[in-house]
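Trainee: I'd like to ask you about the structure that follows.
The values are calculated or read from the model by the stated rules, or taken from the named source; none is laboratory data. A quick note: this is a predicted structure, and the numbers were derived from the prediction, not measured. For neighbour counting, all protein chains shown are included, and Cβ atoms are generated from backbone atoms with ideal geometry for every residue, glycine included.
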Amino acid sequence: MIDEISNYQRLCELSDGGLATVGEAESYLTSRAQCRNVLSSFEILATKYVGETAENYERSRLGHKWHSEHEAFKQLLSSVPDGATVLDIPIGTGRLLPFFQERRFDTSGIDISPDMLAQARVTAKSIGLPARIHEGDIRSVPFPTNSFDLVACLRFLNLVDERGLELVFAELARLSNDKVLIGIRYVISLTDFRGTPWDFARLMARPVWFARWVFHFLFGYRKIAKAHRQAFVFRAISKFGLSLVEMRHVERRWDSTDYVLLLLQKNPQSVSLAVVQ
């Protein structure tokens, strides 16, 4: 670290004639390291869903929790008018496309994996849905602000850390002119425990979640997905000009985490895109 600070100070001296203090150098390097961590998690995801993983993706999503998610998703879509413009990001293999076809949505999809996109195009063709499916990065989607009546993002938000989550929320809010529908797993707050025997068992299991969090902190995305803090999730939702319309619980897990679908409304009175500090 000392060598890096010295190098940064020399860089400042060469660039503008001013020598940075050790504190400024440490702050700069810490911010740079945080950015590298966020970037690395997104870059890892860009190479994760390829080859056999993409080909077998649908086969691994046939259990009860996936059926529950589909039912909850369909229920929440009832708040969106027929024929609405919809963006599914990341679209993956297109497992949500049949729901969009049923409602005659004008559908677009974005994913960073060419192999997943190939599967999505096969799905769209098989059900006769003329979806526009493109390769792209969820942090910077090539569509204008307010392009879609609904932006859907399922099974992605737990693959990035809190800073990455804010980056994604900012882009989802920018793209939507009305609603955002997300799927996310979070660690529930103690105030949400209802006093049932199942909840008591989940409360006793909270140290397991904490151990998993420590493991993630030490070893990063490559090891496990992330269950975000419930309070942070809802603060981020509010930060980017969104408010909760409706919630569906899909899975209440023993480790004190819930996977939920949240239908969010974009607030036209608020700033649609906040700066991620």
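Trainee: List pairs: first residue in segment 100-129 and over 17 Å from Thr85 (Cα atoms), second residue surrounded by fewer than 16 Cβ atoms within 10 Å (Cβ to Cβ) and among the hydroxyl-bearing types (Ser, Thr, Tyr) anywhere in the structure, Cβ distance under 9 angstrom, at least six positions apart or on different chains.
Mentor: Taking only residues 6 or more apart or on different chains, the pairs are Ser113/Thr47; Ser113/Thr53; Asp115/Thr53; Met116/Thr53.
Trainee: Taking segment 86-100 on its own, how many of its residues are surrounded by fewer than 17 Cβ atoms within 10 Å (Cβ to Cβ) and either polar (S, T, N, Q) or under 21 Å from Asn146 (Cα atoms) (or both)?
Mentor: Final tally of qualifying residues: 0.
Trainee: For segment 168-208, what are the residues that are at pLDDT 95 or above and part of a helix (DSSP H, G or I)?
Mentor: Val168, Phe169, Ala170, Glu171, Leu172, Ala173, Arg174, Leu175
Trainee: Take Asp111 and tell me if it is under 20 Å from Val168 (Cα atoms) and either touching an Asp or Glu at 6+ places or on another chain (Cβ under 8 Å) or surrounded by 15 or more Cβ atoms within 10 Å (Cβ to Cβ) (or both).
Mentor: In short, yes.
Trainee: Please list, ordered by residue number, the helices (runs of 4 or more DSSP H) wholly in segment 35-127 having 1 or more residues that are at pLDDT below 95, under 19 Å from Ile182 (Cβ atoms) and of a type in the set (S, T, N, Q).
Mentor: Filter on segment 35-127 gives 64-77.
Trainee: Gly128 versus (1) buried (at least 18 other Cβ atoms within 10 Å of the Cβ); (2) on the phi > 0 side of the Ramachandran plot: which is the lone unmet condition?
Mentor: The single condition Gly128 does not satisfy is (1).
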